[in-house]
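Have a look at the structure below before the remarks.
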Amino acid sequence: MRLSLPRRTGWVYATLIALIVAASTANAAPQLRLDTDVPLLDVGAETVVRLQVSGAESLFGASMKVVYDSARLQFLSSEVGDLFLFGAQFPPLVTVAENGNTLAVSTSRNIGDVSVSRDGVLVELRFRALTTGIANISI
């Protein structure tokens, strides 16, 4: 026995599926990645590692844990990236707490600013190479 649905029912199902796909795409989580211009360093050389976000919607602040190879790298400093500077009335806030080989990084827009929906750099972290070889950094 073959069951056939009226055409209208098929249209309703297609509409529901389209709405579910659109809603799941709109609520996709932003992606965070590390980027540097100089992946190979001589001893004593410095590099900047950028924490880049893409797909951000209504982002006001972010916190993350950055783990690095403290036998090969020395953390030097942090700076505000361009993401929260966009249209800001006040400078964004950045705090970095260092504990051994782990950095607790937090950044946010300031009071009076609105959230942002764009791609950009959250924070720039500056490191110095202590030895030659490959140093791992992860978020």
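Do you know which of the residues in the range 66-113 that are touching a strand residue (DSSP E or B) at 6+ places or on another chain (Cβ under 6 Å), among the small types (Gly, Ala, Ser) and surrounded by fewer than 17 Cβ atoms within 10 Å (Cβ to Cβ) is nearest to Arg126 (Cα to Cα)?
In this case the residue turns out to be Ser77.
I'm told Ile17 meets every condition in (1) among the hydrophobic types (A, V, I, L, M, F, W, C); (2) at pLDDT below 90; (3) within 26 Å of Ala135 (Cα to Cα); (4) surrounded by fewer than 13 Cβ atoms within 10 Å (Cβ to Cβ) except one. Can you identify the failing condition by its number?
That leaves (3) as the condition not met.
Just to check your reading of the model, which residue among Gly55, Gly61, Gly10 is at pLDDT below 50, over 16 Å from Ala135 (Cβ atoms) and surrounded by 11 or more Cβ atoms within 10 Å (Cβ to Cβ)?
Sole residue among the options that is at pLDDT below 50, over 16 Å from Ala135 (Cβ atoms) and surrounded by 11 or more Cβ atoms within 10 Å (Cβ to Cβ): Gly10.
A quick yes/no check of all residues on (1) in contact with a Pro (Cβ under 9 Å, 6 or more places away or on another chain); (2) closer than 17 Å to Val49 by Cβ; (3) not aliphatic (A, V, I, L, M):
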position	(1), (2), (3)
Thr102	no, yes, yes
Thr107	yes, yes, yes
Val114	no, no, no
Arg118	no, no, yes
Val121	no, yes, no
Leu130	no, yes, no
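The values are calculated or read from the model by the stated rules, or taken from the named source; none is laboratory data. Computed from a predicted model, the values in this text were never measured in an experiment. Cβ sites come from the backbone with ideal geometry, for glycine too, and all protein chains shown count toward neighbours.
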